[in-house]
Structures are given as C-alpha cells and as structure tokens.
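Data first, discussion second: the structure below is written as structure tokens.
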Amino acid sequence: MNILGISAHYHDSAAALVVDGIPVCAVQEERLSRHKGDSAFPLLAIESCLEHAGIDPDELDAVVFYERPMLKFDRILTCALRGFPQSWRTFPNAMKNSLGEKVWMRGIISSHLGVPARKVLFTEHHQSHAAAAFLTAPTRHAAIMTADAVGEWATLSVGDGERTPNGPTRIRRFREIRFPHSLGMLYSTFTAYLGFKVNEDEYKVMGLAAYGQPTLVEEVHKLIGRTADGGFALDLSYFEFHTTAERSYSSRFVELFGRPRSPYEPIDLETAEGQRFADCAASVQRVLEDTLVEIARALRQETGFADLCFGGGVALNGLANARLLAEAGFERIFVPPAPGDAGCAIGAALYCDRIHFGNPDRDLPDHPFWGPSVDGSELARLAREDGHSAVEFEDGALIDQIAEDLAADRIVGWMEGALEFGPRALGHRSILTAPHTTEMRDRLNREIKYREPFRPFAPVVPVEAAARYFEIPPGGTRLARFMSGVFPVRREWRSRLQAITHVDGSARVQVLERPMAPRLHALLEAYGRRTGIPVLLNTSFNLAGEPIVNRPIEGYSTFLRSKMDVLVAGGTRVTKHTSVLAKTQLDKIKEEVA
Ligand SMILES: [Fe+2]
C-alpha cells in the first residue's frame, strides 16, 4: 500500500511516502526549492518521493493531509467573532495567511496529483504529531505528549500508544488544551517581544536564556496559570495573537516586562537592557519547562509507562526535554528528528496506514536520513570544471585525510548519503570543525554562519566516548540521538571543548551510534586517535538565511561563497587549491596573453 503524507501552507512544507507500512522517503520542500521555511504546496518534495520509489501518482492508495482544514477554519472564524470588533480589520488577512488554499485542500491535492478526491484523507494536526513521535520510536507502549503553537484547536495533547508486533496499533488521546491557551504561543510571544522571528527563531530565545537569570518567573506566571484539571490557561489580557496578526503581545504585557526589543537592536549583555532581555528569555524558558514537567509527571503516573514519546514544535526545546527526562519520571524520552510540522507529513502517512487502514505494525528504521542521496562523482565533475582540486578516495584513506584536515583546524563541509529529515544536521549535511577553541567558534561565526555570538554550536561524539566528556543521565543517550537534549559538558573538559560549550557549561550534544552513520563514526574515531578527543563541532551545512544543502551543487556553491576549507561528498574531497592540471592550463593562458 502506497501512502503519501503532506504538510503544507503554514511553514516548512514537506512530503513523505510510506510503502507497505515503512517510510521510504521524506523531504522538506525548502531543501529542494531552496526557499528557507518554504510553506508552498510541496510539489517538488512529492515528486522527489514518488521518483525515489518509482511510482506514479495513480499508484497511490491514499494522500493524507496533516490536519483538518475545516476545523482550522472553524477556529479562525470563532476567534475572529470573539475578538469582534477589534478583529474585523485583520480577519481577511488572518483568513488569507492562516488558511489560504487550505480549506480547498481536497480539490487542490486531487487536481495537483491527478488522484481521485476520495483518495484524499485528513488527520488531525496533533494526531499527526503523535503518530510521528510514537510510530517512529523503537518502543511498543508509551505515553504520548504533543505541544506546539496551534493546529486546528489543540495546542497540547496527552495520551498513550500501543503497538502489537505485526498486529494492530492503538493511539489514544486522553485530553487536550485548546487555543488560545498554548505553551507554543506563550514562547512565540516572547520570541516576538525579544525581536526575533516567530516560528523560526524560538531556539534563539533558548540560547539567550543561558545568559540570563529567571528573575521574572513571577511576572511570567501572571501570564500563565495552572488549572484545576492539570492543564494551564493564559491570561489573554497580556496577549493579542488571538485577535490580530499584527502583534502577539498587548500593552499590558509591555507594562509588565518593559520596552520590547527592536529586531535591529543588538543584544549587548554588558548593559542592563541586554541583561533584561536575557532574563526574560530565562524566565519564560523556566516556566515552559516547569509546566511541561508537571504535565508529563501526571501523565507518567496515569499511564504507568516507562517511555514518553514527545512531538510538536515545543519538543525542539532541548533544555525542556532534558528536564523532562530528569524530573518527569520516564526512563526514556523519544523525540523524532522532525518533531515540528514538517514531521507531520510522515506522521499523517503512518497514522493513516496503521489506524485508518488498520495495517499491521512494523518496526521502522531508527534514523533521520529519509531525503535524496548525494553522489560524490557529481561533486568531482563540478569542482574540476572550475579548476579546483577534487580527489576521489578509497573509504579508509578519505577518513584519514579528513581527520587530518580537522586536526589542522580546517573547516570541512561534509555531505554523505541521504539528506536528514527535520531541522537538524545529524551528520549527513554538516559543517564539521575542531571543537577545542573559542577562536574556531568565532571564525565559524565570522566566516560562514554569521550568527549571533550568544548562540552555541553543537558537538557530536561516538556513544562509546560520550560519558567521558558529557554528563549524560540514564536515558539521555536516546534523547541525544537526534540532538534533542541539552546536557552539561564535564567541567574538566570545558577548557578543551570551548567551541561547543555554552556559557552555562551545557551542550546540545549528538551521541552517535555507529550503525546510524558509520562513516561519521569512523571519522570521529580517527580524529580521536590524532587529537586524543573524539569530539567534533557539528553545525548544519548552510549559510545564514539559507536552507540546509541537499545536492552536491548546493554544497559546492556554499563552499565557494564561504571560507570553508574542504568539501566532501561521498568519497570525493575538494579543496580550493588549484589542481595541477588547471594550474598548468592557467600558466599556459598567462604565457599566451603575455
Ligand atoms: Fe504543529
């Protein structure tokens, strides 16, 4: 049975194809269209999935959209009516922004793909998040929690799931919290207040939090209170996101927290104002964590399950995930590599397969590499055409050479196998460097990533060595598999891991098991043999404002436009030194001109 899942028209569109119960391809539209956060109908991603599996649209048994447009329509209409008369000006805009073509989704999908309308199905948004978290995790029984800004109505849900080998799957939802009461919206409101981009820059708030103290927790608690049923409610007088698209916080919010930061104002942590912004970030982060921990702890007691599967955009918050693991009572927490809306494409397709069609349970491959693959020979051709040195290596020799490059402080663009699905580079489209000095961090920021100095870089370490350098609690290895948790760097190693140690001594570490990415694992070991420390800095392979690279040509273009020293795709290593052949040609031309 061939089932296509689609997530679109909000931000970060994606498509995923499930064949006979197993995902075969999943990719975000931005990686193909090259527009960051592309929210358009993911035609390129769909095409890529179908091409990968070698099937035509008429061979699809179902196409599943990741939410129910009519329920969302209902929410926007209801909120607009509640907000009347303040909302009447913004209503047409909200309709256009939030819904656009969504209401007509069945017809759109049917006409784009040429599939009959009866084959177009819908899942609820939080069902898609729940399925993406639970059905991709190697666990049979688990509590499930989802949290994001908003889907149709739900903003947080709790429930459980059970899988029977080769038998039926059950996913239940016990309760949900509904819009406008939303942890995601609370966090996004602070994201906007602190001058960052909503739905995109939430992780900057998390990075900034480490520089502040949670001195404003009491104030944040005025905005959000716990309810008798174990949920929470926002005091809406501090917010405007539910009545207008123009501003998410109200004048009362500004009275409480002070002047908002302009996006163009640098954050100077030496000033009282800069510190206030960091304290705001630390305070909302603390309240978010406390609230999640309490809800999860109750869920642990209610279900008795040792595992928690956590999905939705809020599950990208690695600090909160680490606290959930430490304090909610679960032994393991599974956060999928794409917990946000892009991941709903895979969730919707799996939900449809297991629940709608009742197909038997299948164990799924436990990795994030579901996109198109790179071809090293394509890179070699591109580089040679431009007169750059491109050498194709045998596997072992390549690993040794790249370990040597890294040990010599060269910045390496590393492309390998299939593209990651989700926002994080987990070793197939990564920029790798030595992690030891702040100079390397500053060089990366200055020459390649151009990002705010308060944002940390992440490390990658083989599982065998992880405990030596990082304080990974029981169950933490699982959370660190897809870089979903923030853990302390051991004090004695911080001075030798400066580029990846955040100001509070933590790191969002990826703990790598060999089978997931054998070549990167081998590279870490080879690097460890040379330097004594098998840890590398691993940041996503892209320039600021661009999506992560996919094909060799994008990696190559990024390599040329930045001060990256070495580029690898498959077995091909490219450097900016002119090749001997090209140099001879160049000399010849010079002679002729002379
Ligand atoms: Fe969502």
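The values are calculated or read from the model by the stated rules, or taken from the named source; none is laboratory data. Keep in mind the model is a prediction, meaning the values are calculated, not measured. Quick reminder, even Gly has a Cβ in these numbers, built from the backbone with ideal geometry, and neighbours come from all protein chains shown.
Being at pLDDT 95 or above, crowded, with 21+ Cβ neighbours inside 10 Å and more than 16 Å from the ligand (Cβ to nearest atom) is a property that holds for CYS280. What is the residue count in region 432-446 for residues that are assigned to a helix (DSSP H, G or I) and among the hydrophobic types (A, V, I, L, M, F, W, C)? So the answer is 2.
From the list ASP400, ASP409, the lone residue that is over 30 Å from the mean Cα position of the chain (by Cα), at pLDDT 95 or above and either farther than 19 Å from ASN538 by Cβ or surrounded by fewer than 21 Cβ atoms within 10 Å (Cβ to Cβ) (or both) is ASP400. When the criteria are applied in full, ASP361 meets the requirement of being in contact with a Gly (Cβ under 7 Å, 6 or more places away or on another chain) and modelled with pLDDT of 95 or more.
Taken over region 479-492, the criterion of being touching a strand residue (DSSP E or B) at 6+ places or on another chain (Cβ under 6 Å) and either assigned to a strand (DSSP E or B) or surrounded by fewer than 22 Cβ atoms within 10 Å (Cβ to Cβ) (or both) is satisfied by PHE487, PRO488, VAL489.
Residues checked against (1) on the phi < 0 side of the Ramachandran plot; (2) free of Cβ contacts under 8 Å to residues at least 60 places away in the same chain; (3) surrounded by 21 or more Cβ atoms within 10 Å (Cβ to Cβ):
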| position | (1), (2), (3) |
| --- | --- |
| GLU513 | yes, yes, no |
| ARG519 | yes, no, no |
| ALA522 | yes, no, no |
| GLU525 | yes, no, no |
| GLY528 | yes, no, no |
| VAL535 | yes, no, yes |
| ASN538 | yes, no, yes |
| LEU543 | yes, no, no |
| GLU546 | yes, no, no |
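Pairing each residue of region 458-481 that is over 20 Å from PRO368 (Cβ atoms) and acidic (Asp, Glu) with any residue that is at pLDDT 95 or above and part of a helix (DSSP H, G or I), provided the two are 6+ apart or on different chains, yields no C-beta distance under 6 Å. Of all residues in region 118-147, those satisfying the criterion of being of a type in the set (Ser, Thr, Tyr), within 14 Å of the ligand (Cβ to nearest atom) and outside any helix (DSSP H, G or I) are THR123, THR146. Looking only at region 440-454, decide whether some residue is over 30 Å from GLU29 (Cβ atoms), of a type outside the set (Ser, Thr, Tyr) and either in contact with a strand residue (DSSP E or B) (Cβ under 7 Å, 6 or more places away or on another chain) or buried (at least 19 other Cβ atoms within 10 Å of the Cβ) (or both). There is at least one residue in region 440-454 that is over 30 Å from GLU29 (Cβ atoms), of a type outside the set (Ser, Thr, Tyr) and either in contact with a strand residue (DSSP E or B) (Cβ under 7 Å, 6 or more places away or on another chain) or buried (at least 19 other Cβ atoms within 10 Å of the Cβ) (or both). Can you find a residue that is outside any loop (DSSP other than H, G, I, E, B), touching a helix residue (DSSP H, G or I) at 6+ places or on another chain (Cβ under 9 Å), among the charged types (D, E, K, R) and surrounded by fewer than 18 Cβ atoms within 10 Å (Cβ to Cβ) anywhere in region 326-338? Within region 326-338 (the criterion being outside any loop (DSSP other than H, G, I, E, B), touching a helix residue (DSSP H, G or I) at 6+ places or on another chain (Cβ under 9 Å), among the charged types (D, E, K, R) and surrounded by fewer than 18 Cβ atoms within 10 Å (Cβ to Cβ)), the answer is yes, since at least one residue qualifies. Taking the numbered list (1) within 22 Å of ASP361 (Cβ to Cβ); (2) surrounded by fewer than 20 Cβ atoms within 10 Å (Cβ to Cβ); (3) within 16 Å of the ligand (Cβ to nearest atom) in turn, ASP20 passes all entries but (3).
Annotation note: Cβ proximity below 6 Å between a residue of region 321-346 that is more than 17 Å from GLY5 (Cα to Cα) and a residue that is more than 16 Å from the ligand (Cβ to nearest atom) and charged (D, E, K, R) (sequence gap 6+ or interchain) occurs for ARG323/GLU289; ALA328/ARG297; ALA328/ARG300; GLY329/ARG297; GLY329/ARG300; PHE330/ARG300; ARG332/ASP307; ARG332/ARG478. Of the residues VAL150, VAL115, the single one that is among the hydrophobic types (A, V, I, L, M, F, W, C) and within 16 Å of the ligand (Cβ to nearest atom) is VAL150.
Exactly one residue out of ALA349, ALA380, ALA390 is in a helix (DSSP H, G or I) and more than 27 Å from the chain's Cα centre (by Cα), and it is ALA380. Just one of the listed residues (PHE305, PHE310) is within 16 Å of the ligand (Cβ to nearest atom), at pLDDT 95 or above and either surrounded by fewer than 21 Cβ atoms within 10 Å (Cβ to Cβ) or not in a helix (DSSP H, G or I) (or both), and it is PHE310. Against the conditions (1) within 16 Å of the ligand (Cβ to nearest atom); (2) more than 21 Å from ILE224 (Cβ to Cβ); (3) touching an Asp or Glu at 6+ places or on another chain (Cβ under 8 Å), ALA338 satisfies every one except (3).
Each residue in region 233-272 was checked for being surrounded by 12 or more Cβ atoms within 10 Å (Cβ to Cβ), of a type outside the set (Asp, Glu) and over 26 Å from the mean Cα position of the chain (by Cα), and 17 of them qualify. In this structure, does GLY347 turn out to be more than 24 Å from VAL503 (Cβ to Cβ), modelled with pLDDT of 95 or more and within 16 Å of the ligand (Cβ to nearest atom)? Yes. Reported count of residues in region 191-218, each being buried (at least 18 other Cβ atoms within 10 Å of the Cβ) and of a type in the set (Asp, Glu), is 2. Residues in region 39-71 that are closer than 24 Å to GLN127 by Cβ and in a loop (DSSP other than H, G, I, E, B): 9 in all.
Kindly indicate the residue of region 153-165 that is part of a strand (DSSP E or B) and not charged (D, E, K, R) and also farthest from the ligand (Cβ to nearest atom) among those meeting that condition. The residue in question is PRO165.
Would you please name the residue that is nearest to LYS197 (Cα to Cα), looking only at residues in region 521-569 that are assigned to a helix (DSSP H, G or I) and of a type in the set (Phe, Trp, Tyr)?
Residues of region 521-569 that are assigned to a helix (DSSP H, G or I), as a first pass: 521-531, 552-561.
Now drop any that are not of a type in the set (Phe, Trp, Tyr), which leaves 527, 556, 559.
On the way: TYR527: 37, TYR556: 29, PHE559: 27 Å.
The selected residue is PHE559.
Within region 23-50, if we keep just the residues that are of a type in the set (Ser, Thr, Tyr) and over 26 Å from ASN359 (Cα atoms), the residue that is farthest from the ligand (Cβ to nearest atom) turns out to be SER33.
Looking at region 166-285, the strands (runs of 3 or more DSSP E) lying wholly inside it that each contain 1 or more residues that are touching a residue at least 60 places away in the same chain (Cβ under 8 Å), in contact with a Gly (Cβ under 6 Å, 6 or more places away or on another chain) and closer than 28 Å to ALA154 by Cα sit at 169-178. Within region 282-305, one or more residues are under 30 Å from PRO515 (Cα atoms) and over 19 Å from the mean Cα position of the chain (by Cα).
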